[in-house]
1. Less than 13 Å Cβ to Cβ from residue 160, Lys/Arg counted +1 and Asp/Glu -1: what total charge do the surrounding residues give?
2. For residue 105 and residue 8 in the same chain, what is the full-extension length gain: residue separation times 0.36 nm, less their Cα-Cα distance, in nm?
3. Expressed as a whole percentage, what fraction of the accessible surface of segment 14-136 belongs to carbon and sulfur atoms when a 1.4 Å probe is rolled over the protein heavy atoms?
4. Across segment 119-211, how large is the tail of the calculated P(r) beyond 19 Å, expressed as a percent of all Cα pairs?
5. What FRET efficiency comes out for residue 327 versus residue 22 if R0 is 51 angstrom and r is the Cβ-Cβ distance? Round to the nearest 0.05.
6. In segment 82-176, what GluC sites (Glu not before Pro) fall in a loop by DSSP, with at most 16 other Cβ atoms inside 10 Å?
7. Among all lysine pairs in segment 146-348 that are eight or more places apart or on different chains, how many have alpha carbons less than 27 angstrom apart?
8. In bins 5 Å wide, starting from 0, what share of all Cα pairs of segment 14-136 does each bin hold, as a percent?
Amino acid sequence: MSIFSHPEFDQHEQVNFFHDKETGLKAIIAVHNSNRGPALGGCRMWQYGSDAEALTDVLRLSKGMTYKSALANLDLGGGKSVIIGNPREHKSEALLEMMGRALESLSGRYIAAEDSGTSVPDLQVMARHTHYVAGITERTGIDGLPCNGDPSPATAYGTFVGLKAAVAHKFGTQDLTGLRVAIQGVGNVGFRLAKHLHEAGAELIVSDIYPAFVERAVNGLGATAVAADAILAQEVDVVAPCALGATINDQSLALMKAKVIAGAANNQLEHAAHDQQVRDAGILYAPDFAINAGGIIDIFYERTGHTPDKVRTHIETIGDTLAEIFKRSDASGEGTGVIANRLAEERFIR
Ligand code: NAD
């Protein structure tokens with residue numbers, strides 16, 4: 001297993017391996033780039049098939065965080081951590097405390113947040129031994145409601161702002177009245193996005209594999225439900241993927257009628273080549289890591305002390321960043337994803 005010549009290494013500043021025999025902790029903490037500030041990113045716990053798989057995942061995700069935070073104009077670098085193990089079987093208080101000690105040993109070069117396989121209570125256990133965890137403080141969220149660290153309201157608001165910027169660019173209007181939007185997945189982010197859109201007068205078509213969530217959107221927001229495998233082919237103006245990755249692929253593009261893709265899901269492009277294919281099909285794609293940055297913005301302000309207004313104002317800059325990406329993409333003819341990467345690099349490479 002190579003490190004410096006690993007295909008995902010991409011000039012990481014630091015890759016740390018931690019092991020503790022007593023608690024069984026096996027963890028990797030990667031710091032991709034800290035030019036803009038300390039590296040912040042989720043701490044994932046996962047039963048990887050091999051150590052090599054864990055390394056690939058942490059390197060790829062860590063780099064992604066550098067790009068996301070830079071694009072969001074945050075004074076943060078990019079990093080990520082993985083704990084190797086099944087969260088249902090191998091997670092213990094002692095292991096989480098040991099992870100806290102590992103985090104502390106890096107003196108703040110990396111700050112951990114919640115991710116797949118870890119929860120806010122898990123991070124609170126780590127915090128017994130470190131200052132360097134984020135997203136765990138009770139506070140007032142951007143919607144004015146008490147918030148326990150869940151970034152979903154901020155992510156949903158940022159996605160709404162970004163969707164509006166995409167609609168303004170593609171259709172030349174700020175008015176969402178009557179706009180038809182298909183939302184794939186009405187969970188934490190998707191349902192909140194649906195609420196914003198409903199309040200703005202949009203017409204909603206939704207799908208979810210969890211029937212109770214579909215009902216919530218149908219009964220509460222007047223949405224129309226469609227089958228999960230039909231959502232991306234609806235006769236709509238906008239598709240908002242808010243469930244899983246790789247939704248933009250050869251099959252979905254062949255059937256898609258929407259002219260805008262603007263949703264919160266991570267890693268929406270199945271392959272890098274789909275970025276250009278989307279553009280060539282006349283569809284405007286709001287790059288996922290630009291439009292779904294509301295959560296990381298929220299977490300950043302938790303650490304600096306903030307008012308919900310300040311967070312909201314920063315989240316609204318997602319619209320400006322996307323407008324810049326769309327403009328550059330039109331000028332060069334390249335896909336919006338490529339442009340977003342380049343804009344992020346302008347913001348973090350010194
Ligand atoms: P969630 O689990 O609360 O919601 C996802 C929903 O999608 C669930 O209701 C699930 O039943 C549904 N779903 C799964 N497969 C589906 C399918 N094939 N068709 C339709 N629905 C399906 O997760 P979330 O927090 O709302 O996050 C949604 C997406 O946004 C994820 O890709 C996540 O990585 C990304 N994201 C979330 C945040 C955040 O703050 N929560 C931040 C950035 C990115």
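1. The answer is +1.
2. 32.5 nm
3. 47
4. Counting every Cα pair in segment 119-211, those more than 19 Å apart make up 52 percent.
5. 0.35
6. Here the sparse-neighbourhood loop sites are 138.
7. 15
8. Distribution as computed: 2, 13, 24, 27, 20, 10, 3, 1, 0 percent.
The values are calculated or read from the model by the stated rules, or taken from the named source; none is laboratory data. Quick caveat, the model's predicted, so the values are computed rather than measured. Don't worry about glycine lacking a Cβ; one is built from the backbone with ideal geometry, like all the others, and counts go over all protein chains shown. Note: areas computed on protein heavy atoms with side chains; ligands, DNA, RNA excluded. Shrake-Rupley method; radii C 1.70, N 1.55, O 1.52, S 1.80 Å.
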